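Each remark here refers to the structure printed beneath this line.
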Amino acid sequence: MEHDIHVIGGGLAGSEAAWQLAEAGFRVRLSEMRGGGDTTPAHHGDHLAELVCSNSFRSDDAESNAVGLLHQEMRALDSLILREGDRHRVPAGSALAMDRDGFSAGVTAALQAHPKVTIVRERVDTLPDTPAIIATGPLTAPALAERIAGETGRDALAFFDAIAPIVHRDSIDLDTAWFQSRWNKGDGTDYINCPLDKDQYHAFVDGLLAGEKTEYREWENVPYFEGCMPIEVMAERGRETLRFGPMKGVGLDDPRTGRWPYAAVQLRQDNAHGTLWNIVGFQTKLKHAEQVRLFRTIPGMEKAEFARLGGLHRNTFIRSPELLDPQLRLRSRPNLRFAGQITGCEGYVESAAIGLLAGRFAAAELRGEATPPPPVETALGALLGHITGGAEAESYQPMNVNFGLFPPIPGRTKKADRKKLYTDRARAALAVWMAP
């Protein structure tokens, strides 16, 4: 099938961009190198939109959370990624988490069945001269990355991204661990909690600091993204750091003592059957044997069996604030748009959101129309504005959506009311933008 536009990359951003274009009536060639003989260090299969790190889209609270607001806005714009996320949802308190295999299979099936989409399993090594969206993500193939660097006149930036281990549910000792969401949010069975006393916690930190790590000498001194930092890097910042991060015990009532534990490890359901659970916030670059040895010292996980161990991969992105226009076009070659993590946004939802916008902008351009960017008062507009000019190019780093990207609420307001004011204002602005 001949195509109107080429989408390169079948991750969350590329899949969402292809869906938006196809739903607008345009013929899409969607190129994905996995399944055509190539793979990456982070992916495990060849389904589109594979979730390689967490299985969570984070908070689904659209009243007081920026990413929850982004969920709501994407649903209003017929997002395929949010549709499949909702369809394959698993319990996770106030978060939107999903069965990762069901989710990616659902996205793949939807695009395969669409009459306007042709999925081609191929690696693309050159920049097209025709309309295209590049959504190749943090592991862009070296040849294409070189072409992008050559076109932009600057080397792509890079940092490490880490993934967390997954444990078989039936290998967790529930005589020690227990089900509870922090502060009893959700139905009380959304997380499994493993408690540590003071001595156990400090022994764990000692083991973490001493454990043998995977080293990537070629990429030494490359910064980590704060939102996906390996636990051993956090521990190097101070012995108590983990107790105020992924191992905090506050809000969890150990049924054996009736008190909060000194520290706790949480696991979150990872598939619809509830047979696999991921260790929340435990991204790591420990070698695999070290992970098994150390994680089995956690009370309740002495006999843990792992479906996947943690890992580390390189993440690359361009200096979007100086390279892209407000419609995500490369200023030096306007036939090319960029979307997803390669633009410097961070997070599954943010990547898909930028893919959604790139698809809608491209569709409008193919129709010969001009579509203004969403208002900066919306989550979509705030995220887009940060990427395409709001951030300082020289110090540009990956960023999750947050209320700090939004224009301030004018006048004096109570801090407790501020988030609701942001979300109410955003909904009103999006409604105006979407109106015919």
Two-decimal Rg/Rh across the range 238-334, once Rg and the Kirkwood Rh are taken from alpha-carbon atoms: 1.17
Students often check this: by mean Cβ neighbours within 10 Å, which of 248-255, 169-176 ranks highest, and how do the rest follow? 248-255, 169-176
I'd like to check one number: the per residue accessible area of the range 1-145, probe 1.4 Å, reported in Å² as a whole number. 35
What size of dipole, in debye to the nearest 20, comes out for the range 33-151 about its Cα centre when the only charges are +1 on Lys and Arg C-beta atoms and -1 on Asp and Glu C-beta atoms? 200
Can you pull the one-decimal nm distance between simple spin-label points at residue 434 and residue 253, each 7 Å off the Cα toward Cβ? 4.0
Could you give me the percent of Cα pairs per 10 Å distance bin for the chain, shortest bin first, beginning at zero and ending with the bin that holds the maximum distance? 4, 21, 31, 26, 14, 4, 0
Find out how many positive minus negative residues lie around residue 363, taking Lys and Arg as positive, Asp and Glu as negative, among other residues whose Cβ is under 10 Å from that of residue 363. -2
Could you size up the charge dipole of the chain around its Cα centre, putting +1 on the beta carbon of Lys and Arg and -1 on that of Asp and Glu, and report it in debye to the nearest 20? 780
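With a Förster radius of 56 Å, plug the Cβ-Cβ distance of residue 332 and residue 289 into 1/(1 + (r/R0)^6) and report the FRET value to the nearest 0.05. Don't jump to the answer; show the numbers that get you there.
Values: r = 47 Å, r/R0 = 0.85.
Efficiency at R0 = 56 Å is approximately 0.75.
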Options 70, 119, 93, ranked by Cα towards positive dipole end of the range 1-126, top entry (Cβ charges): 119
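Can you give the net charge of the other residues whose Cβ lies under 9 Å from the Cβ of residue 327, counting K and R as +1 and D and E as -1? Could the numbers behind the result be given before it?
Values: positive: 329, 337; negative: 325, 365.
Here the count lands on 0.
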Calculated from DSSP H runs of 4 or more alone, at -39500 (n - 2.57) each and per residue, what is the 222 nm mean residue ellipticity of the chain, nearest 500? -9500 deg cm²/dmol
Return the Rg/Rh value of the range 294-382, two decimal places, where both radii are evaluated on C-alpha atoms and Rh is the Kirkwood radius. 1.23
Inter-label distance for residue 416 and residue 109, nm, one decimal - labels placed 7 Å from Cα along Cα-to-Cβ: 4.7
Eligible lysines near residue 285 by straight Cα distance, threshold 17 Å, same-chain separation 8 or greater: 213
Hz values of 3J(HN,Hα) by residue in the range 325-339 - Karplus curve (6.51, -1.76, 1.60), Gly and Pro given as x: 8, x, 9, 6, 7, 6, 4, 7, 9, x, 6, 10, 10, 10, 8
Any idea what angle helix 142-152 forms with the longest principal axis of the chain, computed on alpha-carbon atoms, 0 to 90 degrees, nearest 10? 60
Suppose every K and R has +1 on its Cβ and every D and E has -1 on its Cβ; what is the size of the dipole of the range 84-149 about the Cα centre, in Debye to the nearest 20? 120
With labels modelled as points extended 7 Å from the Cα through the Cβ direction, what inter-label distance (nm, one decimal) is found for residue 260 paired with residue 187? 2.7
Using alpha carbon centroids, what distance separates the range 74-104 and the range 265-294, in Å? 21
Inverse mean reciprocal Cα-Cα distance (Kirkwood Rh) of the range 343-395, Å: 11.8
On the formula 1/(1 + (r/R0)^6), with r taken between the Cβ atoms of residue 236 and residue 125 and R0 of 30 Å, the FRET efficiency rounded to 0.05 is 0.20
The range 7-20 - phi-based ³J(HN,Hα) in whole Hz, Karplus 6.51/-1.76/1.60, Gly and Pro as x: 9, 10, x, x, x, 5, 5, x, 5, 5, 4, 4, 5, 4
Which Cα, out of 381, 413, 426, lies furthest along the positive dipole direction of the range 361-426 (beta carbon charges, K/R +1, D/E -1)? 413
Could you tell me what percent of the accessible area of the chain is made up of carbon and sulfur, with a 1.4 Å probe and every protein chain present? 51
For residue 133, list long-range residues whose amide hydrogen, built 1.01 Å from N in the peptide plane, is under 5 Å from its own amide hydrogen. 6, 7, 8, 337
In the chain, what percentage of the DSSP-assigned beta bridges are antiparallel, given to the nearest 5? 65
Pull out the extension gain between residue 203 and residue 296, defined as 0.36 nm times the separation in residues minus the alpha carbon to alpha carbon distance; nm, one decimal. 32.2 nm
Which one of 366, 14, 241 has its Cα pushed farthest toward the positive end of the charge dipole of the chain, where Lys and Arg give +1 and Asp and Glu give -1 at the Cβ? 241
Taking only C-alpha pairs under 8 Å that are 6+ residues apart, what is the relative contact order of the chain in percent? 21
If the chain between residue 151 and residue 370 were fully extended at 0.36 nm per residue, the gain over the current Cα-Cα distance would be 76.3 nm
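The values are calculated or read from the model by the stated rules, or taken from the named source; none is laboratory data. Since this is a predicted model, take the numbers as computed values, not measurements. Glycine gets a Cβ as well: all are built from the backbone with ideal geometry, and neighbour counts include every protein chain shown. The area values use the complete protein model at the heavy-atom level, side chains included, leaving out ligands, DNA and RNA. Shrake-Rupley method; radii C 1.70, N 1.55, O 1.52, S 1.80 Å.
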